[in-house]
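One structure below.
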Amino acid sequence: MIFRQLFDHQSGTYTYLLAAGAGGEALIIDPVIERTDRYIQLCQELSVRLAKAVDTHVHADHISALGALRDRTRCITVISEKSKVDVVSMRVADGDTIDIEGLSLSVMATPGHTDDSCCFRLADRVFTGDTLLIRGTGRTDFQNGDPAQAYDSLFGKILKLADETLVYPGHDYKGETVSTIGEERRFNPRLQVRSEGEYVALMKALNLPNPKMMDVAVPANLSLGLKEAAVADRECSLSVGDAKPLIGRSSVLLVDLREDKERQKKGAIPGSLHVPYRDLERFLNPGGLLHYEGTAAHKRIVYYCAYGERSALAVKASQERGLMDVCHIVGGLDAWTQAGEPVERVS
């Protein structure tokens with residue numbers, strides 16, 4: 001497995017790059033926008049393709065690189081379903097998995113530091129974001145933080161992992177790089193409490209100043225909207241109302257870009273062809289189903305995904321390959337279901 005722990009000195013942020021091996025897909029956790037060039041360079045050096053960029057929560061101390069990485073690499077962006085971020089490819093909940101070739105992260109919803117905080121577990125390690133730090137825990141006094149929820153997340157979930165589980169936090173300001181669940185249980189001063197009430201009192205007494213970047217970072221991290229002006233300029237964006245009359249026509253190819261687990265969880269628009277976004281390039285290549293000389297040669301392609309991000313990127317990728325009669329459903333399946341339109345179950 002390829003594993004890199006990267007550090008941003010200005011914000012004290014740890015970013016993690018993971019891949020099963022060279023030549024495959026990679027995933028990045030908590031990237032910082034100022035280091036976007038380095039992440040892309042590192043992927044090239046390690047011969048991996050960035051497939052997913054993930055945030056553990058909406059950060060207040062740095063601007064996330066999710067939007068920048070998506071715009072430059074067309075990767076899938078991922079964050080908690082509780083997040084108020086405007087546009088993102090995938091929203092995950094407790095018990096979901098985040099998958100790339102050869103690796104799968106288990107999602108643990110751990111609200112408390114913020115209401116959208118998550119930790120991600122991979123075999124022998126857990127990426128704890130700001131929920132659990134080395135000899136500390138995340139503050140709970142802004143962004144809908146709640147010390148009682150933090151106590152439940154820490155003692156009811158994270159500390160129930162095996163003692164030998166490696167702890168990789170989202171931040172550190174003292175030069176520590178990794179710990180274990182056992183170490184933190186024994187030596188973390190904020191975990192030496194006897195009750196939820198004691199933890200709540202401890203956290204409420206901290207009286208910490210706001211993060212220096214908070215007024216800039218939070219609004220920026222809530223607004224990751226696509227910078228794909230070309231998609232809108234070419235009138236390739238369909239509302240649900242515009243898309244509905246096209247569904248079922250022999251001249252239209254309706255393509256679902258979501259992953260298998262998303263389809264099984266939420267269902268699909270009836271009549272959809274499944275082409276996972278991660279495999280789109282293969283389908284657009286010569287001989288592929290969506291190549292301009294393939295099955296889609298004389299059809300209008302209508303892409304959709306969960307929320308509209310992957311489908312907008314797919315329109316641009318298709319146009320670059322010579323397919324011009326392509327469009328996408330703005331807001332994806334989320335907008336479709338909110339409009340009361342039917343979905344079919346996917347086994």
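Just so you know, all these numbers are worked out from the coordinates, no wet-lab data involved. In this text, all values refer to a predicted model and were calculated from it rather than measured experimentally. Note that each Cβ is placed from the backbone with ideal geometry, even for glycine, and that neighbours are counted across all protein chains shown.
Overall, the ratio between the Cα radius of gyration of region 2-222 and 2.2 N^0.38 Å, rounded to two decimals, is 0.96. Between the amide H of VAL252 and those of ARG300, distances stay under 5 Å, these residues lying 5 or more places away or on another chain, with hydrogens modeled in the peptide plane. Each residue of region 7-20 was assigned a 3J(HN,Hα) from its phi angle through the Karplus curve 6.51 cos²θ - 1.76 cosθ + 1.60 (θ = phi - 60°); the sequence is 10, 9, 5, 4, 9, x, 8, 9, 10, 10, 10, 10, 7, 5 Hz, with glycine and proline shown as x. Near the amide H of LEU50, within less than 5 Å, lie the amide hydrogens of ALA26, all on another chain or at least 5 residues away, with H placed in the peptide plane.
The phi torsions of region 329-341, fed into the Karplus equation with coefficients 6.51, -1.76 and 1.60 and a -60° offset, translate into couplings of 8, 5, x, x, 4, 4, 5, 4, 6, 5, 7, x, 7 Hz, rounded to whole numbers, with Gly and Pro shown as x. Close amide H pairs (under 5 Å, H built 1.01 Å from N) link GLY267 with VAL346, residues at least 5 positions away or on another chain. What does the extension gain come out to for GLN338 and ASP260, with contour length at 0.36 nm per residue minus their alpha carbon separation? The span from GLN338 to ASP260 would gain 26.0 nm if fully extended. Shape analysis of region 56-119 yields a ratio of the Cα radius of gyration to the Kirkwood radius, Rg/Rh, of 0.96.
Among the listed pairs LYS84/LYS204; LYS160/LYS212; LYS244/LYS266; LYS157/LYS212, which are separated by more than 22 Å between their Cα atoms? The answer is LYS84/LYS204; LYS160/LYS212; LYS157/LYS212. Within the chain, the cysteines lacking any other cysteine Cβ closer than 4.7 Å to their own Cβ are CYS43, CYS75, CYS118, CYS119, CYS305. Of the three principal axes defined by the Cα atoms of region 268-347, the extents in descending order read 37, 24, 23 Å.
Bridgeable aspartates and glutamates around LYS52 (alpha carbons under 14 Å apart, same-chain partners fewer than 8 residues away excluded): GLU25, ASP30, ASP71, ASP99, GLU101, GLU259, ASP279, GLU309. Relative to the longest principal axis of the Cα atoms of the chain, the long axis of helix 147-156 lies at roughly 90 degrees. Rounded to whole Hz and in sequence order, give me ³J(HN,Hα) for region 29-42 from the Karplus expression 6.51 cos²θ - 1.76 cosθ + 1.60, θ = phi - 60°, writing x for Gly and Pro. 3J(HN,Hα) across region 29-42, in whole Hz: 10, 6, x, 10, 4, 5, 10, 4, 4, 5, 4, 5, 4, 5. Here the label points at ASP152 and ALA201, each 7 Å from Cα along the C-beta direction, are separated by 2.2 nm in the simple model.
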